[in-house]
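The values are calculated or read from the model by the stated rules, or taken from the named source; none is laboratory data. Note that this is a predicted model, so its numbers are computed, not measured. Positions of Cβ are generated from backbone atoms using ideal geometry, with glycine treated the same way; all protein chains shown enter the neighbour counts. Areas reflect the complete protein model, heavy atoms only, side chains present, ligands, DNA and RNA absent. Shrake-Rupley method; radii C 1.70, N 1.55, O 1.52, S 1.80 Å.
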Amino acid sequence: MFATIKTLIRGVDARAEERLSDTYAIELIDQKIRSSEADLTRAKQALAGLIQKSRMETRQLDAVSVRIADLIERAQAALADGREDLAQTAASAIAELENEEGTRRRTVDMLEQRSLQLRQSVEASHRRLMDLKQGAIAARATRKAQTAHSGMARNTGPSDTLGEAEALINRVMSAEDPFEQSEILKDIETGLSHGSVADDLADAGFGAPTRSTAADVLARLSAKH
């Protein structure tokens, strides 16, 4: 039971996180772009450092190669002149320089290989960043369109306004006439009090009149004159 509750809670949290992510999608995209730009800047700086180091090592390698060539030439001249002692000293120096040359050459090769790999990574990241920025532009346009449609769905669109006006007209036209309703209520009250029966009998000439008529008024006026 407890495991089931934990699973449900994780599901609710995941859905809440998705809704939050959808709500702030544009802001999250912009944040990712800024982070990617910062990463790309650091990668470019690292590449520049590798290239600079490689160039420095290459210059030192070239200097060692020049020294080796110079000592070889001098050692050969010493041997030709019978100075084997000087040639021996030169040979020892040449051997050390050749070892250094080999080490520096391997360093240069390693730096060039790493520079090449990092350059390819920087170029790929740059292309992805450009695609991401274009995608962000499209996402903003889509979000604006979604917001506009959402606003219309909340009865703020022109068609909904017209619909509301039509509904108001229909309510006015279909409203009950208060005067007619009062007359109907009067007839109902008269029927309930049986007043209409006496009126009907009086109108037929049975008994005293229950209400004044135009004939009664005219007769009364004629009698006064």
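Couple of notes before you dig in:
- Residues satisfying the criterion are present in the stretch 91-100 (criterion: more than 30 Å from L129 (Cβ to Cβ), part of a helix (DSSP H, G or I) and either open to solvent by 100 Å² or more (accessible area, probe 1.4 Å) or modelled with pLDDT under 90 (or both)).
- Unique match (being modelled with pLDDT of 90 or more and in contact with an Asp or Glu (Cβ under 7 Å, 6 or more places away or on another chain)) among R59, R104, R114, R55: R104
- If you go through the stretch 119-136 and keep only what is within 19 Å of E27 (Cα to Cα), open to solvent by 100 Å² or more (accessible area, probe 1.4 Å) and free of Cβ contacts under 8 Å to residues at least 40 places away in the same chain, you end up with D131, Q134.
- Any pair with Cβ under 6 angstrom, 6 or more apart, that starts in the stretch 22-39 at a residue that is under 11 Å from K133 (Cβ atoms) and ends at one that is modelled with pLDDT of 80 or more and open to solvent by less than 40 Å² (accessible area, probe 1.4 Å): S36/L129
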